[in-house]
Structure formats: C-alpha cells, structure tokens
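Worksheet for the structure shown next.
Where a number appears in this text, it was derived from the coordinates with a stated rule and is not lab data. Everything quoted here is computed from the prediction, not taken from an experiment. Methodologically, a virtual Cβ is constructed for each residue, glycine included, from the backbone with ideal geometry; neighbour enumeration extends over all protein chains shown.
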Amino acid sequence: MMIKNIATADILGCKVHLVNMAEAVQIVEQMVEDGQNGNQVVTLNAEIIYQTKKETELQRIINQASLVTADGIGTVWAVRVLGYPQKERVSGIDLLHELCTRGATPGWKIYLLGAAPGVAEKAGQKLEESYPGLKVCGSRNGYFSKQDEDDIITDINSKSPDILFVALGAPKQEYWIDQKRAALKVPVCIGVGGSFDVIAGFKKRAPELFIRLNLEWLYRLLAEPSRWKRQLALPAFVVSVLKQTYGRTN
C-alpha cells in the first residue's frame, strides 16, 4: 500500500514517515481494511539507521516498507535536527498496544511470532485479557530453523490474521518479514523487537517517568548492561546526522 500525502524525512538515506501515533494507527487500520497482503511496518531506531551505512540491503528494506515510524529518541532527535516537523515517538510496543485497542471492537485477528518458547503464547493470553474482542489466532516462538519456515508460513496463512507481529529482534525481524511477506497472506506485518517479553511479564518496561523523559534507552542499559556495545553506535549516529545537517546548509 502506498501512503499518499504523508511527508517523510530522510535520515542517512533512510525514510521515516512524519506521523504521530494516531496517524500511524489510522494508516495500519486502512491497510487491514484494504486487505491487500504484504504491507511491512518498520519502527525505526537510531541503531538500525546507523547499521544501514554498512548494510545497503537493510536500507532497501526500510525504504520499501509501507510505513516507517520514528522509534526511539535518537530517531526523533535526528528528524528534528534535520528540520522536519516530527510530532512524537511511535515505538513498536506502543504501536502494538494501540493497534490492539483499535482492533478489539471489530475483532481483528493477530498472530504472534517470536521470543523464547512459551513467551508469545503468554503474551497472547495477556493481550486477549486486556483487549476483549481481540483474537490472538496463533503464536509461535522464535526458535526455529530454515526447515521450519514453510510450516510456520502455512500455519500463519491458515489462521488468516489481520496483523502479524514479529518479535525476532531488529534487524533480523525486518529481514525475515521482507523475505517472507510475498508468501504470507497477511495484510500487515510489524517487527516489535522484545515486546512479547514485556507483555508476557518476563521483563519490565521502563517506569513511566523514564518513558516521558525519553530515557527508556538508559533504563534498558541499566537493566541489561550487556547492551552497552550496541549503544556505541549512538555517538557515531549523532556525528553522521550532524554531518548531514551541515551538508544541507552549505
């Protein structure tokens, strides 16, 4: 589905749609109602944008996606520094919850793919409890081999979900969706990182104060110190964005 009349930003060669949460939900709702299969939604953070400098295929996937939202304060900062009117952050887990809220009344069907054994199933139970009317039509953990993929796709298609949420971690989930979306009979596929662990209650999300102050990344780093190597990309990302900004003004 081609989104019309929605402005985009260019961050280091990656497109980002300039939408707030309500607009993102409305766009996904239109995709579901249209019923055309194969729409990919990417919630894009700074780390993944910087990774595209070395992975041109990842950049291609982002730029051909039907909807790309600004996930993370780094992406929001970059959009604003580059002079675009970004309205707010639209993260994967928040978008998931908003879509479940929207889909509860019409009875949307969702399928959860990813995370450790038992997590997606537990997350599905929690979502059905939280959003009466929503139907979690299937779930499958993310520990599968190439040989399992045909069976997984067959199972997903047999359940006819309106939305497939894929929690394989970024950018693995973006690569997987891109490779399989032609075979998937699903209107919308969205990568949501570690959302299932949080929804299922196996991991805690940052306190509301951290989220409001755009410091969720810091909370995750404090909770999981092993993430520090991944955070090293952020200073380099900042420098690259500032170079892009300088290049535009000269």
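Here are some notes:
- Across the stretch 8-248, Cα pairs under 8 Å and at least six residues apart give a relative contact order of 24 percent.
- Sites residue 4 and residue 239 - FRET efficiency at Förster radius 41 Å, r taken between beta-carbons, to 0.05: 0.75
- Restricting attention to the chain, close to 15% of DSSP beta bridges with both partner residues there are antiparallel.
- Residues 44, 234 arranged by fewest to most Cβ contacts within 10 Å: 234, 44
- Label-point gap, in nm, between residue 60 and residue 36 - each point 7 angstrom along Cα→Cβ: 2.1
- The stretch 119-159: C-alpha gyration tensor shape, a/c 1.5 cut-off, then a/b vs b/c: oblate
- Label-to-label distance, nm, for residues given as residue 116 and residue 151 (7 Å Cα→Cβ offset): 2.2
- Using only side-chain charges placed at the Cβ, +1 for Lys and Arg and -1 for Asp and Glu, the dipole size of the stretch 45-123 relative to its Cα centre rounds to 140 debye.
- Restriction of the trypsin sites (Lys or Arg not before Pro) in the stretch 72-105 to DSSP coil positions whose beta-carbon has at most 16 other beta-carbons within 10 angstrom yields 87.
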